[in-house]
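The values are calculated or read from the model by the stated rules, or taken from the named source; none is laboratory data. Just so it is clear, the structure is predicted and the values come from calculations on it, not from any experiment. Neighbour counts are summed over all protein chains in view; Cβ atoms, including those assigned to glycine, are modelled from backbone coordinates with ideal geometry. To get the accessible areas, we keep the full protein, side chains included, count just its heavy atoms, and leave off ligands, DNA and RNA. Shrake-Rupley method; radii C 1.70, N 1.55, O 1.52, S 1.80 Å.
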Amino acid sequence: MYDNNPTIDGIKSIDESQQGSVFFKESPTPGLRRFYIESYGCQMNFSDSEIVASILGDIGYAPTRNMEESDLILINTCSIREKAEETVRKRLRVFEAYKKQKPGTVVGVLGCMAERLKKQWLEEEKLVDLVVGPDAYRDLPNLLGGAEEGNRMVNVLLSREETYSEIAPVRLDTNGITAFISIMRGCDNMCSFCVVPFTRGRERSREPFSIVAEATDLYTKGYREVTLLGQNVDSYKWDNPETGEHVDFADLLRMVAEIHPDLRVRFSTSHPKDMTDKVLHTMAAHENICKYIHLPVQSGNSRILEMMNRTYDADWYRNRMEAIRRIMPDCAVSSDIITGFCSETEEEHQDTLAMMEYAQYSMSYMFAYSERPGTLAARKYPDDIPEDIKKKRLNEVIRLQNAISQIQNKADIGKTFKVLIEGDSRKSDQDFCGRNTQNKMVVFAKKGDLKPGDYVTVTIRDATSATLLGDIV
Ligand code: SF4
């Protein structure tokens, strides 16, 4: 995973033998030092930033939303597409200008791009003092100590055990009603287009009791919805070393749902090859497990799915969709779609459009294929679909998805849903917004002394492709 060359021109890179060594220095006046963090990419990254905030809090750093008052600037990066990395580079220019005004400021790069580029960061970006991979956040106090002594620190060790399970996240940018709980880290799938297995390492599941404790703590603090997070939640598994008890994802879902009927449970992301009927029956059996599944398909064509190494074909995917419809007819499904993957023909693209027509997704994350360095696809397949064709196919997919979402949402007019109030609608503070069990955003006029965290019953009177509009009944 990393080279064993400990020092290059004042750069101290941490390997096993130096873990926990002398650099750490207690903050002279706890709470006076402030850190500013920007997070990009998937929910796992935002959840990790809350772990980082907790670790920094223990050594006297308080979070600030104002970069101008920060002593430490961190960017938690995403590497999933070229565009994501360009965004990070642009932000570093802003940090660079700030650091010129306040030279003692420590700048750190965290997350997947830190892991992908490792020490290369220090050669490419002079302003960067810290490079910390997703499994090395516990080492931040030590790395910061070294940086405060003028060293440039790197720790990109990936772990097979690390789950940060006992670290209580510090909730950042929260509405106080909904929160994310990471239940596992890493991914053992090797989808050929994806960098995650290289930047987040092998799969490991967190022990369930700390997850239930975190969800229970959130409920007592007024949160009314938790989303269980993992790259592939369906392969969650934990074996109790004492009792030999085996806990799979369906068991974990039931354990969290049984905390309290008013605590809603969501999860992301599922994988078609691992999603079991047991999970679907557990969802159907608990009203507070939301009837919504994010089930990435990526492509509707089996030859392309094989090249993507998704380990299922189009028939298997339809089989899973049939199971969802059979067991939970009112369950909404969303997806991820990549257009223009290596050698994709027009007919194979049409298969993806046909799969969308069949699946009737409530929404989808849709992207043109972006070759990622070091991935299986980058090594084996030429990125041979011209950019304009990729874009044309992406626009067709987006147009179709918007049409489907519009039809689906229009079909909800007249229906009544239980909605969890999350806060004021973005458009008007006279309205509340919240989601129904299908994860659809609902906007409705405020009434009486209702407040965020309350459940209301709303009848839908109108809809757009993104939002349902209704009235409290
Ligand atoms: S399941 Fe595939 S796409 Fe998702 S994180 Fe794992 S390797 Fe990447």
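Within the chain, 42, 78, 112, 187, 290, 331, 342, 433 have no other Cys Cβ under 4.7 Å of their Cβ and so lack a disulfide-compatible partner by this rule. Helix 208-220 and the longest principal axis of the C-alpha atoms of the chain enclose an angle of approximately 80°. Across the chain, the longest run free of exposed loop sites, meaning GluC sites (Glu not before Pro) lying outside DSSP classes H, G, I, E and B with no more than 11 other Cβ atoms within 10 Å, spans 246-473.
Loop-located trypsin sites (Lys or Arg not before Pro) across the range 227-334 with a Cβ neighbour count of 16 or fewer within 10 Å are 273, with loop assigned by DSSP. The Cα-based radius of gyration of the chain, divided by its Kirkwood radius, gives an Rg/Rh of 0.97. Between helix 387-411 and the chain there is an angle of about 50 degrees, using the helix long axis and the longest principal axis of the Cα atoms. Taking other residues whose beta carbon is less than 10 angstrom from the beta carbon of residue 458, and scoring Lys, Arg as +1 and Asp, Glu as -1, yields +2.
Keeping every protein chain present and rolling a 1.4 Å probe, give me the accessible area per residue for the range 360-473 in Å². Walk me through the intermediate numbers first.
Values: 5840 Å² over 114 residues.
About 51 Å² of surface per residue is accessible.
So what is the 222 nm mean residue ellipticity for the chain from helices alone, if each DSSP H run of at least 4 adds -39500 (n - 2.57) and you divide by all residues, rounding to the nearest 500 deg cm²/dmol? It would help to have the intermediate numbers written out before the result.
Values: 14 runs with 155 residues, N = 473.
Per the formula, -10000 deg cm²/dmol.
Considering only Cα-Cα distances, which of the following residue pairs are longer than 31 Å: 99/392; 118/380; 391/415; 273/391? Could you put the intermediate results ahead of the total?
Numbers: 99/392 42 Å; 118/380 24 Å; 391/415 37 Å; 273/391 29 Å.
Pairs exceeding the cut-off: 99/392; 391/415.
Taking amide hydrogens as placed 1.01 Å from N in the peptide plane, the amide H of residue 462 sits under 5 Å from those of 469, each at least 5 positions away in sequence or on another chain. The H on the amide N of residue 423, modeled in the peptide plane, is under 5 Å from the matching H of 433, each at least 5 residues off or on a different chain.
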